[in-house]
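The values are calculated or read from the model by the stated rules, or taken from the named source; none is laboratory data. Since the structure is predicted, the reported quantities are computational estimates derived from the model, not experimental observations. Positions of Cβ are generated from backbone atoms using ideal geometry, with glycine treated the same way; all protein chains shown enter the neighbour counts. When the accessible area is computed, the model is the full protein with side chains, heavy atoms only, and any ligands, DNA or RNA have been set aside. Shrake-Rupley method; radii C 1.70, N 1.55, O 1.52, S 1.80 Å.
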Amino acid sequence: MNLPATRKARSEHLFKVITSPRFLTKQGLGNEVPFFIYPYDAKEGLSMDEDRRQLVARVGHARVTVLDLSLYDLSLGILEERGILEQVLNVESETDKIELRELFQSVLDPQANLIPKIGEAISSTPHDVIFLSGVGEVYPYIRSHNVLNNLQSTAKDKPTVLFFPGSYTHSLATGASLDLFGCLHDDKYYRAFNILNYEV
């Protein structure tokens with residue numbers, strides 16, 4: 001299959017996939033979890049935010065409801081709930097980066113804190129599809145493969161699309177690889193499908 005080359009072509013492909021009955025009913029997945037990666041060039045980050053918002057509205061007109069979640073916004077919400085967001089902002093510039101990373105990785109631990117937040121949103125908001133964005137903004141405190149691994153039991157009923165600023169490649173030699181920003185090897189993750197390869 002030829003992958004859509006331009007931003008506009010990719011956006012059109014994504015719209016067709018997400019509004020298709022085959023996608024919404026999770027056909028052709030071979031009993032795998034309905035997780036999809038939408039890889040894009042990290043340089044398109046700002047325009048991708050706008051494209052995603054437009055896509056949410058556009059598929060809404062096609063009567064498909066998207067639960068649009070940002071890992072960054074969810075993380076800020078958790079820090080605020082813990083009462084440490086202001087404190088972190090005040091001391092961030094003079095705090096050792098390793099110490100800060102350890103704090104964030106503890107407070108924003110996917111299994112203990114982030115996935116339950118996503119679970120709350122899933123159970124309280126009617127939806128047909130879940131969008132997850134903000135991957136680049138939460139790196140290195142939260143790793144996308146870690147979120148997906150922990151999300152499997154929480155988001156198995158509806159398709160989930162992770163907007164990933166980088167590449168998602170498969171090869172017989174190396175398996176599947178999430179490469180953040182096109183250069184940082186995040187980890188091997190085998191259970192998601194590249195949505196640009198999904199045929200309607």
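General remarks:
- Top-ranked residue of the range 36-87 - restricted to ones that are assigned to a loop (DSSP other than H, G, I, E, B) and basic (K, R), ranked as modelled with the highest pLDDT: R63
- Inside the range 113-132, residues that are more than 14 Å from T160 (Cβ to Cβ) and either part of a loop (DSSP other than H, G, I, E, B) or aromatic (F, W, Y) (or both) make up a count of 1.
- Taken as a whole, the condition of being open to solvent by 70 Å² or more (accessible area, probe 1.4 Å) and either touching a residue at least 60 places away in the same chain (Cβ under 8 Å) or among the β-branched types (V, I, T) (or both) applies to D41.
- The residues of the range 139-156 that are open to solvent by less than 10 Å² (accessible area, probe 1.4 Å) and either outside any loop (DSSP other than H, G, I, E, B) or not hydrophobic (A, V, I, L, M, F, W, C) (or both), listed by number, are S144, V147, L148, L151.
- Residues of the range 157-179 that are at pLDDT 80 or above and surrounded by 13 or more Cβ atoms within 10 Å (Cβ to Cβ): K158, P159, T160, V161, L162, F163, F164, P165, G166, S167, Y168.
- Filter result for F193 (modelled with pLDDT of 85 or more and closer than 13 Å to L69 by Cα): no
- Set D96, D128: member being open to solvent by 30 Å² or more (accessible area, probe 1.4 Å), under 22 Å from A57 (Cα atoms) and acidic (D, E): D128
- Filter pass, G28 being at pLDDT 90 or above, within 16 Å of P159 (Cα to Cα) and surrounded by 11 or more Cβ atoms within 10 Å (Cβ to Cβ): no
- Single match in L69, L24, L55, L14 (criterion: aliphatic (A, V, I, L, M), touching a residue at least 12 places away in the same chain (Cβ under 8 Å) and under 30 Å from L103 (Cα atoms)): L69
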